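Since the structure comes first, as C-alpha cells, the remarks are kept for the end.
The values are calculated or read from the model by the stated rules, or taken from the named source; none is laboratory data. Since the model is a prediction, treat every value here as computed from it, not as a measurement. Cβ sites come from the backbone with ideal geometry, for glycine too, and all protein chains shown count toward neighbours.
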Amino acid sequence: MSWWRPSDVGLAVRRQLADVGQAARLFGQLVRLFPAAVQRPGLVRDQVHFLGNYSLAIIAVSGLFVGFVMALQGYYTLQDFGSTEALGQLVALSLLRELGPVITALLFAGRAGTSLTAEIGLMRAGEQLSAMEMMAVDPVRRILVPRFWAGVIAMPVLATVFSAVGVMGGWVVAVVMIGLDGGAFWSQMQGGVDVFSDLGNSLIKSLVFGFTVTFVALLQGYTAKPTPEGVSRATTRTVVMASLAVLALDFVLTATMFSI
C-alpha cells in the first residue's frame, strides 16, 4: 500500500507556491504603499515608540552584558599574545560587525515581532480586518504599512544602542575592573574602526534585518488562522522563521561585504 500519491505531492507543492506568491504580493504592497506611511507620520511614530521604546530595556541590558563578556574573553585571549592594548578595537569591531546587528535582530524578533504577530492575528480572529474591508478601508495600508516601516526604522536605532552600550560595558571591564589604560583602549578603538566600512556595514545589516523580521511578523499575523490556536502557532513561527532568516542573511551579507 502506497503511503503517498502523486496528487498529494502536487497539492503540497501548489500550496507552497501559493504561500510564496501571497508573501511576495504582500511585500510588494508594503513597499509600494510607502508614500501612505509618509502621508501619515503620526501612525509610524506611534509604532516606532511601541516597537522601539518597549524593546529598549532588553536591548540595552543585553548589550551591557555582552560587552562585559566580550571584554573578559578578549582580554584573556589577547593576554597570551601580549596585545591587551588592542582590547578596545576587538570589542568595538565584534559588536559593530556581528554581535550588535544579529543579537539585536534576534531580541527584536522575540520581543517586538511576537507582539506584532499576536496583534495582527487577534485582529484577524476578531474579524476587525474583515470589518475594515467591509467599510472600504484597506487593512494593509492602515494597519500593516505603518508597523512595517516603523520596524525598519526602529531596528537600526536599537542596534546602535546595543553596540554603544556594549562598548561602554567593555570599557568598564577593561579599564575599571582589569586596570588597562583608558587612553590606549579608546585610541586603539578609534584607529581600528572605520566609519564607512564598519559602521556602514552595521547599518546595512540592521536595515536588512529590520525588513526581514518585521515582514515575517506581519505576514504570520496577517495569514494566521482566526483561532486562538492559530494565533499561537503564528507567533511561534515568527520567532523561528525570523531567527533563521537573520542568521542566514548574516552569513550572506558578511560574505558579500568582505568580498567587495
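I'm trying to understand the selection: among the residues of the stretch 46-91, which are closer than 17 Å to residue 113 by Cα and of a type in the set (A, V, I, L, M)?
Here is the first cut: in the stretch 46-91, the residues closer than 17 Å to residue 113 by Cα are 46-59.
48, 51, 56, 57, 58, 59 - these are the residues of the stretch 46-91 that are closer than 17 Å to residue 113 by Cα and of a type in the set (A, V, I, L, M).
Please pick out the residue among 133, 119 that is assigned to a helix (DSSP H, G or I), modelled with pLDDT under 90 and of a type outside the set (Ser, Thr, Tyr). Give the steps one after another, and end with the answer.
Details: 119 fails: modelled with pLDDT under 90.
Answer to the selection: 133.
Of everything in the stretch 68-93, what is of a type in the set (A, V, I, L, M) and under 26 Å from the mean Cα position of the chain (by Cα)? Give them in sequence order. Lay out the reasoning, then the answer.
At the first step, the residues of the stretch 68-93 found to be of a type in the set (A, V, I, L, M) are 69-72, 78, 86-87, 90-93.
If the condition is that a residue be of a type in the set (A, V, I, L, M) and under 26 Å from the mean Cα position of the chain (by Cα), then 69, 70, 71, 90, 91, 92, 93 are the ones that fit.
Would it be correct to say that residue 118 is aliphatic (A, V, I, L, M), without any contact (Cβ under 8 Å) to a residue 40 or more places away in the chain and out of contact with any Leu (no Cβ under 7 Å at 6 or more places or on another chain)?
No, not satisfied.
Which of the following residues is touching a residue at least 24 places away in the same chain (Cβ under 8 Å) and either more than 27 Å from residue 100 (Cβ to Cβ) or surrounded by fewer than 12 Cβ atoms within 10 Å (Cβ to Cβ) (or both): 30, 51, 43, 56?
On the way: 30 fails: either more than 27 Å from residue 100 (Cβ to Cβ) or surrounded by fewer than 12 Cβ atoms within 10 Å (Cβ to Cβ) (or both); 51 fails: either more than 27 Å from residue 100 (Cβ to Cβ) or surrounded by fewer than 12 Cβ atoms within 10 Å (Cβ to Cβ) (or both); 56 fails: either more than 27 Å from residue 100 (Cβ to Cβ) or surrounded by fewer than 12 Cβ atoms within 10 Å (Cβ to Cβ) (or both).
Being touching a residue at least 24 places away in the same chain (Cβ under 8 Å) and either more than 27 Å from residue 100 (Cβ to Cβ) or surrounded by fewer than 12 Cβ atoms within 10 Å (Cβ to Cβ) (or both) holds for just one of 30, 51, 43, 56, which is 43.
Can you tell me which of (1) at negative phi; (2) without any contact (Cβ under 8 Å) to a residue 60 or more places away in the chain is the one residue 98 doesn't meet?
Condition (2) is where residue 98 drops out.
Kindly indicate whether residue 19 is within 30 Å of residue 142 (Cα to Cα) and of a type in the set (Asp, Glu). Lay out the reasoning, then the answer.
On the way: within 30 Å of residue 142 (Cα to Cα): yes; of a type in the set (Asp, Glu): yes.
Taking the combined requirement at face value, the residue satisfies it.
Table: residues versus (1) within 21 Å of residue 218 (Cα to Cα); (2) of a type in the set (D, E, K, R).
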site: 12; (1), (2): no, no
site: 15; (1), (2): yes, yes
site: 21; (1), (2): yes, no
site: 50; (1), (2): yes, no
site: 67; (1), (2): no, no
site: 76; (1), (2): no, no
site: 79; (1), (2): no, no
site: 82; (1), (2): no, no
site: 98; (1), (2): no, yes
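When you go through 239, 246, 208 one by one, which is the residue that is surrounded by 23 or more Cβ atoms within 10 Å (Cβ to Cβ), closer than 14 Å to residue 108 by Cα and in contact (Cβ under 8 Å) with a residue 24 or more places away in the chain?
Working: 239 fails: surrounded by 23 or more Cβ atoms within 10 Å (Cβ to Cβ); 208 fails: surrounded by 23 or more Cβ atoms within 10 Å (Cβ to Cβ).
Unique residue meeting the criteria: 246.
Looking only at residues that are among the charged types (D, E, K, R) and within 14 Å of residue 96 (Cβ to Cβ) in the stretch 171-203, which one is surrounded by the most Cβ atoms within 10 Å (Cβ to Cβ)? Give the derivation first.
Let us first name the residues in the stretch 171-203 that are among the charged types (D, E, K, R), namely 181, 194, 198.
From what is left, the residues that are within 14 Å of residue 96 (Cβ to Cβ) are 194, 198.
Values: 194: 12, 198: 17.
In this case the residue turns out to be 198.
Name every residue in the stretch 191-227 that is more than 15 Å from the chain's Cα centre (by Cα), of a type outside the set (A, V, I, L, M) and within 22 Å of residue 140 (Cα to Cα), in order of residue number.
220, 221, 222, 223, 225, 226, 227
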